[in-house]
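Structure first, then comments.
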Amino acid sequence: MEKETITIRKIKDGKITDKEDEVAIEYQMDFDLKNGKRVSVTCTPAYLEEMILGRRFSLGDLTKQDLGIGESVPLTYVKLEDIFRIAGSMFENPGSLFKDTGCAHSCVLVMDGKVLFSVEDIGRHNALDKVIGYALKHQIPIPKCVVFSSGRISKDYLQKAIDAGFKIVVSRAAVTGSAVTLAKKENVTLLGFIRKGAGNIYHEGLVSLKE
């Protein structure tokens, strides 16, 4: 269960009335790393196996070799029409958790113009971890994929995506200056404010963009 119904007092037009409303659930998940350290994550209680797998990988507790995943040839280009089509579907028609509670970030895994996995979570890093974990679990070649995020792209968020193997990151939201610097250093293609057929290209790296 990702949300629950509670009774609130609604303020509207200067009047207060009782009303039922839905709120997102915060779930505390604990798991151990190979070194014995315990990690605690507050997240949406869905795709927890993917969450753990992605977070362990991001923390360096698991490697692709551990999972039997070989290297793959990276994506070379992406069509802008595919970016806007998927972004429109993702951002203009958000998932049920966001629609019902307004309290969720989303992250989408795309390969060859097709959505392979879409997930929501109360935390943007959690959502990215779940996408990474899903790709690792199903041995999907991340360098051939595009990751879409509803949240801002900060340096630490982009670093996590880069460490997983993504060569192109797309967001509906803002991008920090440090993230742009990192994208240029690592030659990663980075787009932000992608919505309604418009957006910003902060860096066009190894993955080129075709009109």
Taking Cα pairs closer than 8 Å and at least 6 residues apart, the relative contact order of region 130-191 in percent is 34 percent
Everything considered on the Cα gyration tensor (a ≥ b ≥ c; rounded for a/c under 1.5, else prolate if a/b is larger than b/c, else oblate), region 63-141 must be described as oblate
For LYS137, counting only lysines whose alpha-carbon sits under 16 Å away and dropping same-chain residues fewer than eight positions off, the answer is LYS64
Dividing the mean separation of Cα pairs under 8 Å (6+ apart) by the residue count of region 20-96 yields a relative contact order in percent of 18 percent
Within the set GLU81, GLU20, GLU186, GNM on the chain using Cα springs under 10 Å gives the largest fluctuation to GLU20
Sorted by chain and then number, the residues having a modelled amide H within less than 5 Å of the amide H of VAL207, at least 5 places away or on another chain, are THR189
Residues meeting the amide H criterion for ILE153 (H placed from the backbone, H to H distance under 5 Å, 5 or more places apart or on another chain) are ALA174, VAL175, THR176
The extension gain from TYR27 to GLU211, computed as 0.36 nm times the residue separation minus the Cα-Cα distance, is 62.0 nm
Heavy-atom accessible area per residue of region 59-203, all protein chains kept, 1.4 Å probe, expressed in Å², is 44 Å²
Neighbours of GLU20 by Cβ distance under 14 Å: Lys/Arg at +1, Asp/Glu at -1, summed charge -1
Ordered by number, the trypsin sites (Lys or Arg not before Pro) in region 44-135 that occupy a DSSP loop and have at most 16 other Cβ atoms within 10 Å are LYS64
From the cross-link list LYS144/LYS167; LYS3/LYS99; LYS34/LYS167, the entries with a Cα-Cα span beyond 18 Å are LYS34/LYS167
Of the accessible area of region 13-120, computed with a 1.4 Å probe and all protein chains kept, carbon and sulfur make up a percent value of 48 percent
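The values are calculated or read from the model by the stated rules, or taken from the named source; none is laboratory data. Keep in mind the model is a prediction, meaning the values are calculated, not measured. Neighbour counts run over all protein chains shown; Cβ positions are idealised from the backbone, glycine included. These accessible areas exclude ligands, DNA and RNA; they are computed on the full protein's heavy atoms, side chains included. Shrake-Rupley method; radii C 1.70, N 1.55, O 1.52, S 1.80 Å.
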